[in-house]
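The values are calculated or read from the model by the stated rules, or taken from the named source; none is laboratory data. These numbers were taken from a predicted model, which means no experiment stands behind them. Here the Cβ positions follow ideal geometry from the backbone for every residue, glycine too, while neighbour counts run over all protein chains shown. Keep in mind that these areas ignore ligands, DNA and RNA; they rest on the heavy atoms of the full protein, side chains included. Shrake-Rupley method; radii C 1.70, N 1.55, O 1.52, S 1.80 Å.
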Amino acid sequence: MGQDLVLGLGGTVDYEIRWDAAVLAALAAEHGIRLDELTTTTPIIDERALVVTVLAFLATGGGGERFVLTSDIVERFAAHFDKAVTLGGTGVRAGIALDRIGVPTVQHLVSIDDTVRRLLPASMRIVSSATRDTLDPHLIVQYPEGATVRVVDGAVTAPASNRLIFANDSPNREMAIADGLGDALEGAAAFLVSGFNTMQDADLLEARLDDLAAAMQRLPADALVYYEDAGFYRREFSAHVRRRLLERVDVYGMNEDELQEYLGRSVDLLSPDDVGAALAEAHHLIPARALIVHTKYWALAVGPSAARHAAGLESAVRTAATRYRLGDACTAADLDVTAGLGRHPGGTAVVAALRRSGRAVGVPAYLIDTADPTTIGLGDTFVGGFLAAVPAAARYATAAALDRALDAVGGRPG
């Protein structure tokens, strides 16, 4: 097995706005938005449509990812709020989580600019298909449970916290595969594939899958391939990507929003029977060796290889929980603190029931009480935590932990 963790396929620059219900209410009033026009499926052709979509998601407590007509809409909306500029994309956020515990990664990027160069951790090596600097920001909206926003004829209140992503990102939509990816994969212990969800041209998608398949031929036979699902802008592309890649995928991951979108129905995440039935139905649709669904209550795996990933699930849940309570600043020491926290009782009951019945393996989420949770990037961080359990990553993480311990007692050999 190789030693590198190669993560792809595209990174982003994110505008994380600070939630402000008063600003959103003022925008709803300015645009004359009413309760009966709230929908999550309207084409986002202007700022008004973006506000409608945000409010519609908020009313259901849902999360998702949507395409906007131009990046100018993102810039205009974000300008109303305080914002933080961060890096996103499943591979990049997973790599940031790994960097925090001392694990280096190789990042496949399709776009770059000075913001990326400034914010990307020094431990990351880059393989890039970008031929020039570009900036197409992703708008990230995270709203808290209980958030209430007034509209013209009433108000909407969020039954749960969640996050939304809005973007028009040409490099990620084109998803050019770097010439150097095959070279990077020759030394890989694991390869993360994610990002095809933003593509919208069928012929271009087919060409990119051809390029990716050619590069993946150079993967060591025992390298782990993790595919993380996401909200496809064109749902029919999801099945096509699976047909091309599933045979080489070891772990196929998704969150509860994606699970319910595939099933076309809501799932009671605290009902063992409903969860068990949903996982069985999803695995019938996506017959992966290990199909993982991660939620705020539990992470569960089904499939013939599910049992071998128990350590990865625990590492993933612990890492995501630490980000939830501390954001990007979390460290390996913070993971140790999280490990001492209690587990969600409802999630514990679901996991125990499905374990007993032999329908799934998994771990319950940690029970975390924080007034300022970070909901952005939890799925990406979950993936990073999972990959931290790959033996090649564990070697780095263990060394980093030893270095910290020696520093703490002044015992570093010198």
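Just to be sure I understand, how many residues within segment 220-253 are assigned to a loop (DSSP other than H, G, I, E, B) and touching a residue at least 60 places away in the same chain (Cβ under 8 Å)?
6
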Mind telling me which of the residues 48, 76 ends up being touching a His at 6+ places or on another chain (Cβ under 7 Å) and either farther than 24 Å from residue 175 by Cβ or not in a helix (DSSP H, G or I) (or both)? 48
Can you list the strands (runs of 3 or more DSSP E) found entirely within segment 104-151 that contain at least 1 residues being touching a helix residue (DSSP H, G or I) at 6+ places or on another chain (Cβ under 6 Å), within 30 Å of residue 395 (Cβ to Cβ) and in the same structural domain as residue 31 (by the TED database)? none
Any chance residue 257 is surrounded by fewer than 16 Cβ atoms within 10 Å (Cβ to Cβ) and under 26 Å from residue 164 (Cα atoms): no
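Select, from 276, 342, 303, the only residue that is out of contact with any Asp or Glu (no Cβ under 7 Å at 6 or more places or on another chain) and on the phi > 0 side of the Ramachandran plot.
Numbers: 276 fails: on the phi > 0 side of the Ramachandran plot; 342 fails: on the phi > 0 side of the Ramachandran plot.
Unique residue meeting the criteria: 303.
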Restricting attention to segment 57-66, does a residue exist that is of a type in the set (Asp, Glu), free of Cβ contacts under 8 Å to residues at least 60 places away in the same chain and not assigned by the TED database to the domain that holds residue 127? no
Complete set of residues in segment 206-253 that are touching a Lys or Arg at 6+ places or on another chain (Cβ under 9 Å) and under 25 Å from residue 180 (Cβ atoms): 206, 209, 210, 212, 213, 216, 219, 225, 227, 249, 250, 251
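Would you check if residue 36 is open to solvent by 40 Å² or more (accessible area, probe 1.4 Å), assigned to a helix (DSSP H, G or I) and at pLDDT below 95?
no
Considering each of 359, 325 in turn, give the residue that is modelled with pLDDT under 95, in contact with a strand residue (DSSP E or B) (Cβ under 9 Å, 6 or more places away or on another chain) and either part of a helix (DSSP H, G or I) or open to solvent by less than 60 Å² (accessible area, probe 1.4 Å) (or both).
Exactly one of 359, 325 is modelled with pLDDT under 95, in contact with a strand residue (DSSP E or B) (Cβ under 9 Å, 6 or more places away or on another chain) and either part of a helix (DSSP H, G or I) or open to solvent by less than 60 Å² (accessible area, probe 1.4 Å) (or both), namely 325.
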Of all residues in segment 57-66, count the ones that are assigned to a helix (DSSP H, G or I) and open to solvent by 10 Å² or more (accessible area, probe 1.4 Å). 3
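Do we have residue 374 as surrounded by 20 or more Cβ atoms within 10 Å (Cβ to Cβ), of a type outside the set (A, V, I, L, M), modelled with pLDDT under 95 and not in a helix (DSSP H, G or I) here?
It is true that residue 374 is surrounded by 20 or more Cβ atoms within 10 Å (Cβ to Cβ), of a type outside the set (A, V, I, L, M), modelled with pLDDT under 95 and not in a helix (DSSP H, G or I).
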Index of the failed condition, residue 97 passing every other in (1) surrounded by 24 or more Cβ atoms within 10 Å (Cβ to Cβ); (2) modelled with pLDDT of 95 or more; (3) farther than 25 Å from residue 176 by Cβ: (2)
For residue 314, only one of the following conditions fails: (1) open to solvent by 30 Å² or more (accessible area, probe 1.4 Å); (2) touching a Leu at 6+ places or on another chain (Cβ under 9 Å). What is its number? (2)
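Keeping to segment 157-171, report how many residues are open to solvent by 10 Å² or more (accessible area, probe 1.4 Å) and in contact (Cβ under 8 Å) with a residue 60 or more places away in the chain. So that I can check it myself, show each step before the final result.
Taking segment 157-171 first, the residues open to solvent by 10 Å² or more (accessible area, probe 1.4 Å) are 157, 159-163, 165, 168-171.
Remaining after also requiring in contact (Cβ under 8 Å) with a residue 60 or more places away in the chain: 157, 159-163, 165, 168-169, 171.
Of the residues in segment 157-171, 10 are open to solvent by 10 Å² or more (accessible area, probe 1.4 Å) and in contact (Cβ under 8 Å) with a residue 60 or more places away in the chain.
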Return a yes/no flag: does segment 175-195 have any residue that is part of a helix (DSSP H, G or I) and either closer than 22 Å to residue 292 by Cα or in the same structural domain as residue 141 (by the TED database) (or both). no
Residues to consider are 278, 223, 230; find the one that is under 26 Å from residue 175 (Cα atoms), modelled with pLDDT of 95 or more and buried (at least 21 other Cβ atoms within 10 Å of the Cβ). 223
Among the listed residues 6, 13, identify the single one that is surrounded by 22 or more Cβ atoms within 10 Å (Cβ to Cβ) and within 30 Å of residue 220 (Cα to Cα). 6
Index of the failed condition, residue 23 passing every other in (1) in contact (Cβ under 8 Å) with a residue 40 or more places away in the chain; (2) under 21 Å from residue 169 (Cβ atoms): (2)
Quick check on segment 156-173. Is at least one of its residues in contact with a Leu (Cβ under 7 Å, 6 or more places away or on another chain), outside the structural domain of residue 68 (by the TED database), at pLDDT 95 or above and not aromatic (Phe, Trp, Tyr)? no
Candidate set from segment 328-356 (those that are open to solvent by 60 Å² or more (accessible area, probe 1.4 Å) and either basic (Lys, Arg) or part of a helix (DSSP H, G or I) (or both)); member that is farthest from residue 97 (Cα to Cα): 356
Here are the criteria: (1) more than 27 Å from residue 312 (Cα to Cα); (2) open to solvent by less than 50 Å² (accessible area, probe 1.4 Å); (3) under 25 Å from the mean Cα position of the chain (by Cα). Tell me which single one residue 195 does not satisfy. (1)
